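Engineer: Can you read through this structure? Questions will come right after.
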Amino acid sequence: MTNFELFCSIGEPFAAGLFEHEDRDTFYRHCNAYYRFWEEAAMPVYNGQKIYPAGKRSALLSARDGMAVITDYSFTYSFNYNKLKAKSPEAAAIMKAEHGKVRYLITDHAVGGNGYTHCFANYKRLLAEGLNGYRARVEARPDDDFKAGLLLLLDGIELYRQRSLALLREQNAYQPLIEALEYVPNNPPRNIYEALVAWNFLYYIDGCDDIGALDRNLLPYFNGEDIVELLREIFRNIDDNDAWSGPLGPDYNDITRQCIRACRGFRRPNLQLLVKPDMPDEIWQEVYESLASSCGQPALYNYERYMKKLKELMPEIPDEDWKRLCFGGCTETMLEGISAVGSDDAGINAALVFDKHMRSVLPFHTEHGGLTFEDFFEGLCAALRQAVIQTLELVNVLRRDREKYRPQPVHTLFVDDCIEKGLDFNAGGARWYWSVANIAGTINVIDSLTVIRELIFEKKIYTGAEFMKRLDARDPEFLRLARKCPHYGRNDERADALGVELINCLADAFAEVECYPRGRFYPVSNQFATFDWAGRFVRATPDGRGDGEPLCDSLSAIHSFDTDGPTALLNSVSTLPLERIIGTPIVNFRMRKEHLADQLKPLVLAYFERGGMQLQVSCVSRADMEDAQRHPEKHENLIVRIGGYSEYFNRLNPALQQNVINRTEY
């Protein structure tokens with residue numbers, strides 16, 4: 001029995017397709033795997049929607065039906081070894097060997113990232129040319145396995161479209177939907193409804209990753225229609241699939257307003273509003289009303305600041321391409337339809353590095369030891385630099401492995417300029433490349449440094465050994481003195497200056513490593529929900545954290561230290577070199593909804609003028625969250641902002657729930 005026959009016999013079409021033509025190149029084999037998967041994967045259920053596919057995508061449904069190898073937008077495919085082994089130990093061994101060709105990160109530094117690759121398809125071009133136009137571009141290429149693979153991929157997409165139509169006809173579905181899907185996405189849409197149907201279909205083909213810039217790219221098909229309910233169908237699909245992001249603006253229009261209106265009640269997509277100083281009041285009004293609905297949407301981005309800094313960092317990219325600025329996944333900086341950005345490729349646990357450094361140095365510090373705070377900080381920077389460089393070098397190993405063994409056929413088809421170059425998305429085919437990697441625990445480190453500086457080196461209250469003893473014992477007098485030290489988030493010049501030095505230390509280390517196949521590495525501060533998990537490996541720190549407790553959740557202040565008001569907090573944030581965390585420096589901010597209309601706009605514009613880059617606002621009250629802890633069944637749709645996105649409160653573990661509850665409410 002051949003490998004192809006083995007995988008067919010146990011109901012694993014993706015794996016069967018991967019081994020059907022073992023004499024062909026890797027790209028063709030993966031295209032064939034997608035074709036075989038689309039041929040047999042379970043179809044999403046139709047429940048009367050005006051947009052289809054809908055609900056859980058076929059990969060998730062097929063996994064629940066028992067498939068162990070399914071498509072994945074980030075890693076090409078996902079592989080459940082135990083599920084496959086239960087079907088066939090031989091098949092599991094074969095797939096394990098294939099999957100193991102790509103070496104993922106084995107490191108302490110994967111907080112929120114281990115080779116993830118979010119991506120924006122070029123929806124503007126996909127709509128304008130239709131898949132028939134894409135097929136013509138592929139057919140114009142010289143004959144080789146790359147061309148043959150893409151044609152097979154297009155055949156697979158057509159097969160999936162025909163399967164969708166067959167299901168809709170059998171279900172006697174909404175007739176305009178059937179008629180639209182008979183025409184698009186093979187042909188350019190003739191109206192806004194066809195554009196939305198095409199966009200949604202292609203989104204499912206892409207694996208439900210980033211939804212893209214709806215207000216920019218739907219405009220040619222829009223004639224003032226009310227599309228809020230259709231957008232809500234698409235947003236429901238995004239939410240159902242735990243999917244991702246789309247920017248709005250900076251050229252605002254009625255679709256911008258309708259997108260903000262449509263997101264109410266959904267935690268996804270992550271809508272990222274690119275704010276300019278002259279953003280119209282009607283857009284601000286939509287923001288107030290959306291945030292007041294407690295969905296945490298949209299997050300706010302300083303468009304002019306991003307553009308200025310990105311052009312300085314990457315002057316080779318023309319202005320026309322910068323118009324495609326967007327933020328993929330949670331919030332990683334990209335260019336829609338033309339970039340391949342690792343996001344997040346890794347995650348530096350700065351608090352863990354600090355913890356190890358502190359415990360290797362301070363126990364040996366005595367009153368006459370000669371160690372200065374500057375020595376201690378310099379040693380920390382050296383340790384952080386080593387962690388960053390070693391981790392990013394591992395990332396490059398992973399990126400080289402993916403180039404050889406793990407192509408991404410759909411991204412290759414949907415992202416410019418892969419077709420014309422004849423190169424896979426992972427092998428240099430996209431127009432622009434860079435990578436972002438997370439930095440976690442930075443605010444814990446800043447506040448810990450201020451405590452060490454004051455209690456050991458300036459006031460000399462403790463030797464290093466006594467300091468560590470009292471820290472680990474959670475000595476009440478020690479904790480009281482630590483709380484009285486300067487803290488980040490209070491507009492304290494000395495604390496904030498330490499933050500500047502720390503961020504520059506990290507960013508300098510990132511700048512030392514070039515990204516493969518080209519481009520640079522850039523930091524992002526994007527903790528997702530991993531700040532709880534990451535904190536479990538970090539012992540007690542002088543900022544007040546206990547052993548194993550969560551790290552900071554963003555670049556906002558540690559909860560309970562930001563007691564001097566919102567202006568003091570945002571002034572502290574804006575003193576940091578935020579433009580060096582260009583992947584996006586996330587800031588969580590909780591505000592009472594009754595103050596949105598009169599205070600949010602001036603607060604945001606002043607913060608952005610001082611250098612702020614991003615702000616995500618949550619308006620859920622403490623009382624509602626505490627009631628949700630007691631009666632989760634009454635609050636199934638309660639949404640809070642966490643990491644770089646919104647999440648249903650009930651889905652968070654107790655530690656994360658309490659973390660959100662403890663945020664200062666302004």
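The values are calculated or read from the model by the stated rules, or taken from the named source; none is laboratory data. Everything quoted here is computed from the prediction, not taken from an experiment. Note that each Cβ is placed from the backbone with ideal geometry, even for glycine, and that neighbours are counted across all protein chains shown. Note: areas computed on protein heavy atoms with side chains; ligands, DNA, RNA excluded. Shrake-Rupley method; radii C 1.70, N 1.55, O 1.52, S 1.80 Å.
Engineer: For segment 499-614, what class follows from the C-alpha gyration tensor (a ≥ b ≥ c being the square roots of its eigenvalues): rounded when a/c is under 1.5, otherwise prolate if a/b is larger than b/c, else oblate?
Structural biologist: Verdict is oblate for segment 499-614.
Engineer: Over 11 Å, how big is the tail of the calculated P(r) for segment 133-179, in percent of all Cα pairs?
Structural biologist: Everything past 11 Å amounts to 70 percent.
Engineer: Tell me, what HN-Hα J-couplings in whole Hz come from the Karplus equation 6.51 cos²θ - 1.76 cosθ + 1.60 at θ = phi - 60° for each residue of segment 261-274, using x for Gly and Pro?
Structural biologist: 5, 6, 7, 4, x, 10, 8, 10, x, 6, 8, 10, 8, 7
Engineer: Do any GluC sites (Glu not before Pro) in segment 481-556 lie in a DSSP loop with no more than 16 other beta carbon atoms within 10 Å, and if so, which?
Structural biologist: Here the GluC sites (Glu not before Pro) that fit, given the DSSP loop and packing criteria, are Glu512.
Engineer: Turning to a different aspect of this structure: In percent, what relative contact order does segment 450-573 have, based on Cα pairs under 8 Å that are 6 or more apart in sequence?
Structural biologist: Once normalised by length, the contact order is 29 percent.
Engineer: Long-range amide H contacts for Ser618: which residues qualify at under 5 Å (H placed 1.01 Å from N, peptide plane, sequence gap of 5 or more or a different chain)?
Structural biologist: Phe589, Arg590, Met591
Engineer: Rounded to whole Å and ordered largest first, report the semi-axes of the equivalent ellipsoid of segment 473-564 derived from its Cα gyration tensor (root of 5λ).
Structural biologist: 29, 18, 12
Engineer: Another question about this same structure. Could you tell me what a quarter of the Cα convex hull surface of segment 282-373 works out to, in nm² with one decimal place?
Structural biologist: Taking the Cα atoms of segment 282-373, their convex hull projects to 11.5 nm² on average.
Engineer: Something else now. Considering Cα pairs under 8 angstrom that are at least six residues apart, work out the relative contact order of the chain and quote it in whole percent.
Structural biologist: 14 percent.
Engineer: If one puts a single equal scatterer on every Cα of segment 376-491 and applies the Debye formula without solvent, what log₁₀ I(q)/I(0) results at q = 0.13 Å⁻¹?
Structural biologist: Per q value, in the given order, log10 I(q)/I(0) is -0.69.
Engineer: Compute the accessible area per residue over the chain, keeping the other protein chains in place, probe 1.4 Å, unit Å².
Structural biologist: With all protein chains present, the chain gives 35 Å² per residue.
Engineer: Please report the spacing between the Cα centers of segment 281-347 and segment 506-551 in Å, no decimals.
Structural biologist: After rounding, the separation between the Cα centres reads 21 Å.
Engineer: Okay, next question. For every other residue with a beta carbon closer than 9 angstrom to the beta carbon of Glu286, add +1 if it is Lys or Arg and -1 if Asp or Glu, then tell me the sum.
Structural biologist: 0
Engineer: Using alpha carbons only, how many degrees (0 to 90, rounded to 10) separate the axis of helix 123-139 from the longest principal axis of the chain?
Structural biologist: Helix 123-139 sits roughly 50 degrees off the main axis of the chain.
Engineer: Quick check: convex hull over the Cα atoms of the chain, volume per residue in Å³, rounded to an integer?
Structural biologist: Spread over its residues, the Cα hull of the chain gives 154 Å³ apiece.
Engineer: Which values, in whole Å and largest first, are the semi-axes of the equivalent ellipsoid of segment 54-122 obtained as the square root of 5 times each eigenvalue of the Cα gyration tensor?
Structural biologist: 22, 20, 10
Engineer: Can you give me the convex hull volume of the Cα atoms of segment 67-216, divided per residue and expressed in Å³?
Structural biologist: Convex hull volume per residue, Cα atoms: 174 Å³.
Engineer: Something else: As a check on your grasp of the helix formula, calculate [θ] at 222 nm for the chain: sum -39500 (n - 2.57) over DSSP H runs of n ≥ 4, divide by the residue count, round to the nearest 500.
Structural biologist: Taken over the chain, the calculation gives -14500 deg cm²/dmol.
Engineer: So, one more: Can you give me the Cα centroid spacing of segment 87-104 and segment 190-235 in angstrom?
Structural biologist: Value for the Cα centre distance between the two parts: 38 Å.
Engineer: Using the Kirkwood radius over Cα pairs, work out the Stokes-Einstein diffusion coefficient for segment 606-645 at 25 °C and 0.890 mPa s, in µm²/s as a whole number.
Structural biologist: Using the Kirkwood radius from Cα pairs, D works out to 201 µm²/s.
Engineer: Which whole-Hz ³J(HN,Hα) couplings does segment 176-186 yield from phi under the Karplus relation 6.51 cos²θ - 1.76 cosθ + 1.60, θ = phi - 60°, glycine and proline marked x?
Structural biologist: x, 5, 4, 5, 5, 6, 6, 9, 9, x, 5
Engineer: Using only C-alpha positions, report the orientation-averaged shadow area of the convex hull of segment 338-424, nm², one decimal.
Structural biologist: With every direction weighted equally, the projected area is 7.7 nm².
Engineer: Let me ask another. Principal axes first, then extents: for the Cα atoms of segment 398-439, list largest minus smallest coordinate on each axis, whole Å, largest first.
Structural biologist: 35, 20, 15
Engineer: Next question. Along the principal axes of its C-alpha atoms, what lengths does segment 1-104 span, in descending order and rounded to whole Å?
Structural biologist: For segment 1-104, the Cα spread along each principal axis is 43, 30, 29 Å.
Engineer: Sorted from largest down, give the three principal axis spans of the alpha carbons of segment 148-250, whole angstrom values.
Structural biologist: 39, 31, 27
Engineer: Follow-up question, since we're still on this one. Could you tell me how many cubic angstrom of Cα convex hull volume segment 361-409 has per residue?
Structural biologist: 82
Engineer: Compute the orientation-averaged projected area for segment 547-666 from the convex hull of its Cα atoms and round it to one decimal in nm².
Structural biologist: Quarter of the Cα hull surface area: 8.1 nm².
Engineer: Continuing with this model, one more query. Which percent of the Cα-Cα distances in segment 214-304 go past 23 Å?
Structural biologist: Here the tail beyond 23 Å accounts for 15 percent of pairs.
Engineer: Let me ask something else about it. Which percent of the accessible heavy-atom area of the chain goes to carbon and sulfur, probe 1.4 angstrom?
Structural biologist: Ligands and nucleic acids excluded, carbon and sulfur reach 48 percent.
Engineer: Through the Karplus equation 6.51 cos²θ - 1.76 cosθ + 1.60, θ set to phi - 60°, convert the phi angles of segment 573-579 into ³J(HN,Hα) values in whole Hz; use x for Gly and Pro.
Structural biologist: Karplus values, whole Hz, x for Gly and Pro: 4, 6, 6, 5, x, 4, 5.
Engineer: Which far-off residues, 5 or more places away or on another chain, put their amide H under 5 Å from the one on Ala346, with H placed in the peptide plane?
Structural biologist: Answer set, sorted by chain and number: Gly115, Asn438.
Engineer: Moving on. Among DSSP beta bridges whose residues both lie in the chain, state the antiparallel percentage, nearest 5.
Structural biologist: Taking every DSSP beta bridge within the chain, about 35 percent pair in antiparallel fashion.
Engineer: Report, to the nearest 10°, how far helix 442-452 tilts away from the longest principal axis of the Cα atoms in the chain, using its own Cα long axis and a range of 0 to 90°.
Structural biologist: With both axes taken from Cα atoms, the answer is about 10 degrees.
Engineer: What number, in percent, do you get for the relative contact order of segment 173-238 if the mean sequence gap of Cα pairs under 8 Å and at least 6 apart is divided by its residue count?
Structural biologist: Across segment 173-238, relative contact order equals 29 percent.
Engineer: Relative to the longest principal axis of the C-alpha atoms of the chain, give the angle of the C-alpha long axis of helix 303-313, reported between 0 and 90° and rounded to the nearest 10°.
Structural biologist: 90
Engineer: Let a ≥ b ≥ c be the square roots of the eigenvalues of the Cα gyration tensor of segment 17-77; is it rounded (a/c under 1.5), or, if not, prolate (a/b larger than b/c) or oblate?
Structural biologist: Since a/c reaches 1.5 and a/b is larger than b/c, the shape of segment 17-77 is classed as prolate.
Engineer: With all distinct Cα pairs included, what does the Kirkwood hydrodynamic radius of segment 578-620 come out to in Å, to one decimal, could you say?
Structural biologist: 11.2
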